[in-house]
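The values are calculated or read from the model by the stated rules, or taken from the named source; none is laboratory data. These figures come from a predicted structure and were not determined experimentally. We place every Cβ from the backbone using ideal geometry, glycine too, and count neighbours over all the protein chains shown. Only protein heavy atoms, including side chains, enter the accessible area calculation; ligands, DNA and RNA are left aside. Shrake-Rupley method; radii C 1.70, N 1.55, O 1.52, S 1.80 Å.
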Amino acid sequence: MPANTAPTLHLLAKAPIAGQAKTRLIPLLGAEGAAEAHRQLLQHCLANACQALPAERITLWTALDHEHPLFIQLQQAYGIQLKPQPPGDLGARIQACLQAEPGPAMVMGSDCPSITPAMIQQCAAQLAHAEVVILPAEDGGYGLMGTCRALPELLTDIPWGTPQVLAQTRRRLEKLGLTATYPAIIWDVDHPEDWQRWQTHLGTRKESQRLPTE
């Protein structure tokens, strides 16, 4: 049965090192620009997470440089926990997050600015009655997964980085007899057109926040 305790939330993030972070944005932004884009996305996603849940229930799992100044800055600013990502493929790293502590847990991408605080809260609430909650992404993956308990067999042999990730995960859920909910469809920032979409979204939001002139 799903647990009644409040879920923890985990974000996976690389250090914003030029040439090693958001490399698919390099053709548009250059190596330094892509690293800066990664930094901005991580800060935005973490801010949304901390609006949705208490900081003590949020962990940022680091990669490339666990002592990077950005990670230290974010820890001090928000009061979150930092942990190094373990070795292994994405499935192994997600699973490590989901079973880091007893009870329900969620893993969220650090490049999914379309995941709002309300969505995170909705996913947390649904884990009170569903075994698994997923926010599917438009590209065939997902931006957030939550489980009510450790499910080590769920994420093995998934074709990570392909458009088949969600479909394969759905088949695995069915095979295991697990109930899942899908509260919203989101999009993440992987390619230059995704970055441009995000910049357009930011510009539209800033415009809508301006006070009308008299």
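With respect to the conditions (1) surrounded by fewer than 23 Cβ atoms within 10 Å (Cβ to Cβ); (2) assigned to a loop (DSSP other than H, G, I, E, B); (3) touching a strand residue (DSSP E or B) at 6+ places or on another chain (Cβ under 8 Å), ALA128 lacks only one, and its number is (3).
Against the criterion of being without any contact (Cβ under 8 Å) to a residue 24 or more places away in the chain and touching a strand residue (DSSP E or B) at 6+ places or on another chain (Cβ under 9 Å), PRO84 qualifies. Within region 154-182, which residues are under 16 Å from the mean Cα position of the chain (by Cα) and open to solvent by 40 Å² or more (accessible area, probe 1.4 Å)? Those that are under 16 Å from the mean Cα position of the chain (by Cα) and open to solvent by 40 Å² or more (accessible area, probe 1.4 Å): TRP160, GLY161, TYR182. In this structure, is ARG205 open to solvent by 30 Å² or more (accessible area, probe 1.4 Å), part of a loop (DSSP other than H, G, I, E, B), among the basic types (Lys, Arg) and at pLDDT below 95? In short, no. Residues that are in a strand (DSSP E or B) and over 8 Å from the mean Cα position of the chain (by Cα) within region 98-113 comprise ALA105, MET106, listed in sequence order.
Conditions tested, residue by residue: (1) touching a Gly at 6+ places or on another chain (Cβ under 9 Å); (2) crowded, with 20+ Cβ neighbours inside 10 Å; (3) closer than 15 Å to HIS10 by Cβ; (4) of a type outside the set (S, T, N, Q).
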| residue | (1), (2), (3), (4) |
| --- | --- |
| GLU56 | yes, no, yes, yes |
| HIS68 | no, no, no, yes |
| GLN75 | no, no, yes, no |
| LEU82 | no, no, yes, yes |
| PRO86 | no, no, yes, yes |
| ALA92 | no, no, yes, yes |
| GLN95 | yes, yes, yes, no |
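Checking each residue in region 131-146 for being open to solvent by less than 10 Å² (accessible area, probe 1.4 Å) and over 15 Å from GLY109 (Cα atoms) picks out only VAL132. Only one of the listed residues (THR181, THR169, THR156, THR116) is farther than 27 Å from ARG24 by Cβ and in contact (Cβ under 8 Å) with a residue 12 or more places away in the chain. That residue is THR181.
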